[in-house]
1. Looking at the structure I just gave you, is VAL205 at negative phi, of a type outside the set (S, T, N, Q) and open to solvent by less than 40 Å² (accessible area, probe 1.4 Å)?
2. Could you tell me how many of the residues in the range 427-441 are outside any helix (DSSP H, G or I) and either more than 6 Å from ligand 1 (Cβ to nearest atom) or farther than 18 Å from THR341 by Cα (or both)?
3. Please pick out the residue among PHE264, PHE324, PHE286 that is open to solvent by 40 Å² or more (accessible area, probe 1.4 Å) and either small (Gly, Ala, Ser) or more than 30 Å from ARG111 (Cβ to Cβ) (or both).
4. Which of (1) at pLDDT 95 or above; (2) surrounded by 14 or more Cβ atoms within 10 Å (Cβ to Cβ) does ASP368 not meet, given it meets every other one?
5. Residue check: is ILE49 modelled with pLDDT of 95 or more, open to solvent by 70 Å² or more (accessible area, probe 1.4 Å) and among the aliphatic types (A, V, I, L, M)?
6. Hey, among the residues in the range 208-239 that are within 28 Å of MET180 (Cβ to Cβ) and among the charged types (D, E, K, R), which one's surrounded by the fewest Cβ atoms within 10 Å (Cβ to Cβ)?
7. Is there a residue in the range 192-214 that is assigned to a strand (DSSP E or B), in contact with an Asp or Glu (Cβ under 9 Å, 6 or more places away or on another chain) and away from ligand 1 (no atom under 16 Å from the Cβ)?
8. Restricting attention to the range 58-93, which residues are open to solvent by less than 20 Å² (accessible area, probe 1.4 Å), among the hydrophobic types (A, V, I, L, M, F, W, C) and within 27 Å of LEU123 (Cα to Cα)?
Amino acid sequence: MKNRIKDILKTTAKEQEITVEGWIRTKRDSKNLCFFELSDGSSLKNLQIIIDKEKYNLTAEIDRLSTGASAAITGILVESPGKNQSVELQGQSIEVIGEASPETYPLQKKRHSFEFLREIAHLRPRTNTFAAVTRVRSTLSFAVHKFFQENDFVYVHTPIISASDAEGAGEMFQITTLPMENVPMVDGEVDYSKDFFGKPANLTVSGQLEGEIYATALKDIYTFGPTFRAENSNTSRHLAEFWMIEPEMAFCTLEGNMEIAEKFLKYVLQYVLDNSKEDMNFFNSFVQKGIIDDIKHVIKSPFTHLTYTEAVDILLKADVKFEFPVEWGHDLQSEHERYLTEKVYNGPVILTDYPQGIKAFYMKQNDDGKTVRAMDILVPRLGEIIGGSERESDLEKLKTRLSEQDLDPKDYWWYLELRQYGTVPHSGFGLGFERLVQYVTGMQNIRDVIPFPRTVGSAEF
Ligand code: ATP
Ligand code: MN
């Protein structure tokens, strides 16, 4: 943890000898002088290094260093005459650690497209954009934990392997140790008794049901872990593997749920503005102009509340041609969500009380017999960022909903017992962490806000 460039650039103690380790970003070589920009990933800004070649007899080392190479350079830190930096290093000795052939190193000084960079995901963190995304992602995940810990939520680790189709939230990835080339069969069906768990199992699509178990004991809990959905959809907002944050609160109705969700979002947004200033300025200038002001505006304005039915009325009256028609009872498309947040309200909107037919069985029924106590939070540029609800706490109503959706109550025996023993109103929501990172950075494609994106047809690296 010594001599990170981020700290060196802020230092005021000049004329001291230091050693800096990092990778060469650029090199400008002339007869007598050589200039390097050295990066160690700690900040967007690089350290400028100037070497008097003759004086220190470093020509051989300098020849071995090109963009991408790693080195440890020792020299004297001095005030810089240049206007782009306050300090620079006068290099006096170089230890070449790893060369990078300029003929083949793929990251050249020019701008590369994000599509190209996805093909070299092992090298893209060495670019300004991906290093900044990675740092902001780290800051945001810390902020998520900080918010919940400060508010006495308990972090619960829910399983990644699940033997129940939690909510039919999406297509599931089945996992098995049965030999694919010779699957054991009984009566013409796969004999799952021979499988690892003695029954079919999948990767989790949500930790919610297990989260509810812990909420009905510890009151306020949250999960933050990987989630898997085999969605065969090629959108800029869906991944097959993503990270989800799922708080669950006991003794909490939909109103409390919405209040916490809004407070939470505003907290993490403020945290990233306060703690990732350099990176946020970068996104503001080069990725999504004006994003900092947008975020500040969101932090200080109350979110708009609207029922699904009201939203549908607005959309039906809208003077625009949508690609997908709007009809009560159908899920809203991203274009509809963006119309509401961008054109009508210019900010986040919380939609509540969705038709029960398009929502999961566990959502609390309204008295109208048509809608449920669901809430989705929609934001400009993205659409849905959070999906949540008050849960059905009435045992009999829950059983009815299960059978209406052709789900077998026997598979949910433990979930039903939470209602049988000391049931309470409880609520929660799910936030896709990558959607949050997208929203904060302005990155267009969700594949570019996770280090190693997994999508249909693509699991390289
Ligand atoms: P969408 O309609 O956008 O597919 P959903 O209704 O399937 O979302 P939920 O099941 O409510 O989403 O999941 C909660 C949250 O998880 C969503 O609000 C979103 O932020 C995130 N999310 C859902 N599916 C994905 C995915 N495939 N990739 C990344 N994030 C996702
Ligand atoms: Mn979905």
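1. Values: at negative phi: yes; of a type outside the set (S, T, N, Q): yes; open to solvent by less than 40 Å² (accessible area, probe 1.4 Å): yes.
Considered against the rule, which asks whether it is at negative phi, of a type outside the set (S, T, N, Q) and open to solvent by less than 40 Å² (accessible area, probe 1.4 Å), VAL205 comes out as yes.
2. Within the range 427-441, the subset outside any helix (DSSP H, G or I) is 427-432.
Filter again for either more than 6 Å from ligand 1 (Cβ to nearest atom) or farther than 18 Å from THR341 by Cα (or both), leaving 427-430, 432.
The total comes to 5.
3. Just a single option satisfies the conditions, and that option is PHE324.
4. Answer for ASP368: the failing condition is (2).
5. Working: modelled with pLDDT of 95 or more: yes; open to solvent by 70 Å² or more (accessible area, probe 1.4 Å): no; among the aliphatic types (A, V, I, L, M): yes.
Here the answer is no, as ILE49 does not meet what is asked.
6. Filtering the range 208-239 for residues that are within 28 Å of MET180 (Cβ to Cβ) and among the charged types (D, E, K, R), the one surrounded by the fewest Cβ atoms within 10 Å (Cβ to Cβ) comes out as GLU231.
7. Restricting attention to the range 192-214, the residues satisfying the condition of being assigned to a strand (DSSP E or B) are 201-203.
With in contact with an Asp or Glu (Cβ under 9 Å, 6 or more places away or on another chain) added as a condition, the list becomes 201-203.
Cutting the leftovers down to away from ligand 1 (no atom under 16 Å from the Cβ) gives us 201.
Yes.
8. ILE62, LEU65, ALA69, ALA71, ALA72, ILE73, LEU89
The values are calculated or read from the model by the stated rules, or taken from the named source; none is laboratory data. Remember, predicted model here, so these are calculated numbers, not experimental data. When we count neighbours, we look across all protein chains shown, and the Cβ atoms used for this are built from the backbone with ideal geometry, even at glycine. Areas reflect the complete protein model, heavy atoms only, side chains present, ligands, DNA and RNA absent. Shrake-Rupley method; radii C 1.70, N 1.55, O 1.52, S 1.80 Å.
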